[in-house]
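Derivation of every value follows stated rules applied to the coordinates shown; laboratory data play no part. For clarity, every value in this text was computed on a predicted model and none was experimentally measured. Here the Cβ positions follow ideal geometry from the backbone for every residue, glycine too, while neighbour counts run over all protein chains shown.
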Amino acid sequence: MTLLKEPDFGTPARPGEATIELTVDGVAVQVPPGTSVMRAAKHAGVDVPKLCATDNLEAFGSCRLCIVEIDGMRGTPASCTTPVAPGMNVRTQNEKLGKLRRGVMELYISDHPLDCLTCSANGDCELQDMAGVTGLREVRYGSGVDAGANHMAAPTDSSNPYFDFEASKCIACSRCVRACDEVQGTLALTIEGRGFDSKVAAGAGVSFFESDCVSCGACVQACPTATLQEKSVIELGMPTRSVITTCAYCGVGCSFKAELRGDELVRMVPYKNGGANEGHSCVKGRFAFGYASHPDRVLEPMVRDSIADEWRKVSWEEAISFTARRLREIQAQYGQGSIGAITSSRTTNEEVYTVQKMVRAVFGNNNVDTCARVCHSPTGYGLKQTFGESAGTQDFKSVDEADVILVIGANPTDAHPVFGSRMKQRIRKGAKLIVIDPRRTDLVRSPHIEAAYHLELRPGTNVAIINAIAHVVVTEGLVDREFVASRCEDFEAWEEFIARPEHAPEAVDELTGVSAEKIRAAARLYATGGNGAIYYGLGVTEHSQGSTMVMGMANLAMATGNIGRRGVGVNPLRGQNNVQGSCDMGSFPHELPGYRHVSDDGVREVYEQLWGTPLLNEPGLRIPNMFDAAIDGSFRALFVQGEDIAQSDPNTQHVFAALGALELLVVQDLFVNETAKFAHVLLPGTSFLEKDGTFTNAERRINRVRPVMAPQTGKQEWEIICEIAQAMGYPMHYDSAAQIMDEIALTTPTFMGVSFKALDEAGSIQWPCNVEHPDGTPIMHEEEFTRGKGRFMETVYVPTSERSTRKYPLILTTGRILSQYNVGAQTRRTANVAWHPEDILELHPHDAEVRGIEDGDTVALSSRVGRTTLHAKLSDRIPVGVCYTTFHHPVTGANVITTDNSDWATNCPEYKVTAVQVDLLAEPAAHAATQEALVTGGTR
């Protein structure tokens, strides 16, 4: 007798829940209540024929292949939609069922090429597999060759850059439609017509490319024939082997099976057992991997004495020797603190760890920082102050149990699309949504989704509005006082602070632009609507009060008791694939791995004994400090690991000046990017397909990154770091990336139980992983906070100094778009550019009209620090007085405009609030000249 633990129908079984016993084809099986007969049969060792049923779609019962006979039940019910009952006796195979199935298959195949060579050679055709299973030998209805009687002559839609829709093979099974609905939540596909006229459509008379399809690949994955097929499979043939690895785009951290034919990558298939994505994907992770083999890849080291010189290709030995010699010379001339490094959130934990080790053990200082400085450093600070841990509180699955979802300054459907899809599904099932954002994102209003409240606040007023929400909670008696009394401290002082009249919604409605009535209603919903979960993004952190806002959200969660269990929490949506990991690994100048301060003698002693060298007990330079010191002449050399700071950091001209002032800039990257144009050494990096190591996603999930192919450069990036260290006289060596992780686990308490072996066995682990939590920690702060008791912090609203003026009357805010990623170095080298070939400026029609601007016009965008040009798009998704752009294309140079204002605690730049003017460009030809000046670093 077998025991089924996880049903595929209804609510999952709870520990200790009773099971139901039934018999399937004479085999006794026990399953939890609500399990489908089909799943019960599977666990009895019986495969029931099927077409419409899949593991990740709701039971549908349309194909009629999975019919069974059940004693005492009339007819032949579909096994996928029929739940088990005690004592059931099920028969899945007999002459009657076989005859019925063959009849169904004849109808399917009559509308499908029986000798479908494309299916046979380039794909799996479940339809023809089932024909064999059902014993079908001949077809009475014409076998799908009479084009006049069916759709065999239907044209192929090849408009999508990544897959074809070959309508002649479509059997209208609805699996693609259901996947678009149930998995992705876009509802771009539908079935048009009836009977033999039924067909899949991507919209009224439009192609896949023109439709609302977001190219996530769920339909391709669901298709049982070769109707929807990757172009790469059509071109290269079906894969013959696969490697499970992790996506290198956003902080969701999706797992994929990289499928190859020989040594050639054919496709990326979302991994069903991926802890973060559970078989789903987005257009970037699923399809945009071509950059790894792009001809722009730098595969050999290059050096030059001056940026005015041409690059010369050299051997690895010469490049490493040149780098080490120049670093030693500069340090000897200018002092120990004159050199430093910036780590990357696109590289592995192991690679980041070796860079920070090089800085501390070899350079002899703490001048190491990371790109998290310019995105989520306020998250680390704010959550550490309140909860005691610099990371989000939940796993992604937790949102399935949220009753109220509060999304602040985040656009998950574009920036974190796989999690955004999961969030949409939860909202469609009944969760209430509150969005706090200046812009009307897709979550505010999209098919079958509408936010209960959209608080369309003015950029820069986040803290004022979170204080107003908390004011309502306190003054209307909505505080969870039992939770606060048992789990928190410093509440009384905070309560007195937040109850002050200046925090009332009526006192801030004019400031924030959100009515007091709406603020009060949203506050009441969050506090009383059941499990309340907060999800936030860069619209929170990239402000002058980013750290204050993070603490404000933590205060709100604690005051309402929405922390420490499933369905609640404070959850940062991290931007890059390993931004959490790069912070975990000690990339900040004041912290060693595990967020332990460099002044802690006991922590330093651990590393000093292991590394065999004394470590400095004073924090080093942050990225902005490095730039300033470079310009004043005290900071002379910088190692940049996989970050294009010349494009990504604010106030571009200031960054250009700093990079140009360095005596040595070493860049380790895949391409000659904007930063590399200032470099003296370019060390070629490895793509995620070549890496061996780990990434840590936004839910603290440590995923294995396995090499799909050998490094095209001949070396792993951590090997290069070790060789530089050795050339500088320090004995730094590892035999493998696994050995580096072993050292991380040895020295970092939150990683104590992590190893490649443990990850390979478990699939993934969420830290902390230690003696108390040997299997990891999906939900943080369940019994007590990391710091003991959660601490309430006063969050005084301080207006940003960046305000609109007569000269610069508009406020610019920035964000991402689905098809592109960060500075675009990867996605711009793929077919994703078809959806977003340039950054555009969204402008409210009112603001456009008073400036004489029409949709598509070329406009000049200027601030107090710079100027660029873009094409305008008129949109009511943003309020009057606000404009919006993305930052994916270097030719646009959005950061020419952004200022050096930053968060008071962490120096995270205030990207989201820049006072600007927008003018119609009288001579559009000037657009090209302006952009050329930007790209070459010229002034305007």
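Numbers at a glance
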read-out: Within the chain, helix-based [θ] at 222 nm, where runs of 4 or more DSSP H residues each add -39,500 (n - 2.57), nearest 500; value: -8000 deg cm²/dmol
read-out: Normalised contact order of the chain, rounded percent, pairs of Cα under 8 Å and 6 or more residues apart; value: 12
read-out: In Hz, Karplus ³J(HN,Hα) per residue of the stretch 72-89 (6.51, -1.76, 1.60; θ = phi - 60°; x = Gly, Pro); value: x, 10, 6, x, 10, x, 6, 6, 6, 10, 9, x, 5, 9, x, x, 4, 10
read-out: Gyration tensor over alpha-carbon atoms, the chain, equivalent ellipsoid semi-axes in Å; value: 47, 33, 31
read-out: Residue-count net charge about Ser198 - beta-carbon cut-off 10 Å; Lys, Arg +1, Asp, Glu -1; value: -1
read-out: Projected area, mean over directions - the stretch 803-876, Cα convex hull, nm²; value: 5.8
read-out: Nearest-0.05 FRET efficiency for Arg524 and Val796, computed from C-beta distance (R0 30 Å); value: 0.75
read-out: Length added when fully stretched, Gln93-Asp71, from 0.36 nm per residue minus Cα-Cα; value: 6.6 nm
read-out: For Arg325, Arg604, Arg360, order by how many other beta-carbon atoms lie within 10 Å, fewest first; value: Arg325, Arg604, Arg360
read-out: In Hz, Karplus ³J(HN,Hα) per residue of the stretch 623-633 (6.51, -1.76, 1.60; θ = phi - 60°; x = Gly, Pro); value: 4, x, 5, 4, 4, 4, 5, 5, 5, 7, x
read-out: Estimated FRET transfer efficiency (Glu482, Glu772; beta-carbon r; R0 25 Å; 0.05); value: 0.50
read-out: Segment Tyr334-Glu401, extension gain: residue separation times 0.36 nm, minus the distance between their alpha carbons; value: 18.4 nm
read-out: Using a Förster distance of 25 Å, the FRET efficiency for Asp296-Glu318 (Cβ separation, nearest 0.05); value: 0.65
read-out: Along principal axes, Cα extents of the stretch 326-440, largest first, whole Å; value: 65, 29, 28
read-out: Cα gyration tensor shape for the stretch 810-935, rounded if a/c is under 1.5, else prolate or oblate; value: rounded
read-out: Separation in nanometres of the label points that stand 7 Å from Cα toward Cβ, at Ala507 and Val206; value: 4.8
read-out: Which listed pairs, of Lys50/Lys424; Lys384/Lys432; Lys169/Lys284; Lys397/Lys432, have C-alpha distances above 20 Å, in listed order; value: Lys50/Lys424; Lys384/Lys432; Lys169/Lys284
read-out: Relative exposure of His448, His454, judged by other C-beta atoms within 10 Å (fewest first); value: His448, His454
read-out: Prolate/oblate/rounded call for the stretch 377-572, Cα gyration tensor, a/c under 1.5 rounded; value: rounded
read-out: Order of Tyr334, Tyr884 - criterion: other Cβ atoms within 10 Å of each residue's Cβ, fewest first; value: Tyr334, Tyr884
read-out: Antiparallel bridges, percent of DSSP beta bridges restricted to the chain (to nearest 5); value: 55
read-out: Gain in span if fully extended, Asp55 to Thr805, counting 0.36 nm per residue against the direct Cα distance; value: 264.3 nm
read-out: Label-zone membership for the stretch 284-300, site Glu264, 7 angstrom Cα→C-beta point, backbone N under 19 Å; value: 287-296
read-out: Only Lys, Arg (+1) and Asp, Glu (-1) charged, at Cβ; the chain dipole about Cα centre in debye; value: 1240
